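Remarks on the structure that follows.
The values are calculated or read from the model by the stated rules, or taken from the named source; none is laboratory data. Since the model is a prediction, treat every value here as computed from it, not as a measurement. Here the Cβ is made from the backbone with ideal geometry for all residues, glycine too, and neighbour counts use every protein chain on show. Heavy atoms of the whole protein, side chains included, go into the accessibility calculation; ligands, DNA and RNA do not. Shrake-Rupley method; radii C 1.70, N 1.55, O 1.52, S 1.80 Å.
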Amino acid sequence: MEATFDRALRFVFGVEGGAVHNPLDRGGSTNYGITQSAYAVYLARKGLPQQPVKFISRDEARDIYLHDYWRAGKCDRMPAPVAIVHFDACVNHGADRAARLLQSVAGVSADGAIGPATMAAIRRGEPEILAHNYITRRRRFYREIVDKIPSQAAFYKGWLNRMDALTKEIESA
């Protein structure tokens, strides 16, 4: 599973980039895709002094992604294509929303908690098909965001480009 995490992390680092502060981004300031609030929680948990996310190291970002997104999203228990798509969704939408999107595609109750029923549904299906359906559902979710919050249209093309890149990523294995 370490190799799958490293692959998923390379993908996320590639699409998230470096330090960004776009006033339209509801996540606020980010670096490596980590928000200031997520970084503050990490620093407090480690007993480290608070600092702006623009100073986060790549190793700190990796640690946050491993513990707060990969493991928290239970990606380590999923087949590779689903794990990669779900990890990216956890990063981009938050673990709860990502779980609900995955559950809706897997055909189980979308309660936001990935438990035995969700894991069984994932194992029952074809991982590649489930991963592609998950990407399709995420595309629809981005459209729903833009319809609900028009200011987010500034990110729509980038979100779709991300889904195109994610599709290529899971097909390249």
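Between the helical axis of 2-16 and the longest alpha-carbon principal axis of the chain there is an angle of about 60 degrees. Surface composition of the chain: carbon plus sulfur atoms contribute 53% of the solvent-accessible area (1.4 Å probe, protein chains only, all chains present).
May I ask you to evaluate 6.51 cos²θ - 1.76 cosθ + 1.60, the Karplus curve with θ = phi - 60°, for each residue of the range 144-149 and list the ³J(HN,Hα) values in order in whole Hz, giving x for glycine and proline? Whole-Hz 3J(HN,Hα) from phi for the range 144-149: 5, 4, 5, 5, 7, 10. Each Lys and Arg contributes +1 and each Asp and Glu -1, all at the Cβ; summed about the Cα centre of the chain, the dipole is approximately 280 debye. In the chain, the calculated helix contribution to ellipticity at 222 nm averages -20000 deg cm²/dmol per residue, counting -39,500 (n - 2.57) for every DSSP H run with n ≥ 4.
Spin-label model, Glu126/Leu24: points 7 Å from Cα along the beta carbon direction are separated by 3.8 nm.
Within straight-line reach of Lys46, meaning a Cα separation under 28 Å, sit the following lysines at least 8 residues removed in sequence or on another chain: Lys54, Lys74. Taking a Cβ cut-off of under 14 Å around Pro79, the surrounding Lys, Arg, Asp and Glu residues balance to a net charge of +2, with basic ones at +1 and acidic ones at -1.
Residue separation of Lys157 and Ala44 scaled by 0.36 nm, minus their Cα-Cα distance, works out to 37.2 nm of gained length. These residues, Glu128, Glu144, Glu16, go from largest to smallest accessible area, 1.4 Å probe, as Glu128, Glu144, Glu16. Treating cross-link reach as a plain straight distance, find the lysines whose alpha-carbon is under 19 Å from the alpha-carbon of Lys168, omitting any fewer than eight places away in the same chain. Straight-line reach from Lys168, under 19 Å: Lys157. Per residue, the chain exposes 50 Å² of solvent-accessible protein surface, assessed with a 1.4 angstrom probe and all protein chains in place. Put a dot 7 Å past the Cα of Arg62, heading toward its Cβ, do the same for Asp147, and the two dots end up 4.1 nm apart. Using heavy atoms of the protein chains and a probe of 1.4 Å, the accessible area assigned to Lys168 is about 150 Å². Evaluating 6.51 cos²θ - 1.76 cosθ + 1.60 at θ = phi - 60° for every residue in the range 119-136, the Karplus couplings come out as 5, 5, 5, 5, 5, 5, x, 7, x, 5, 5, 4, 4, 5, 5, 5, 4, 4 Hz, glycine and proline recorded as x.
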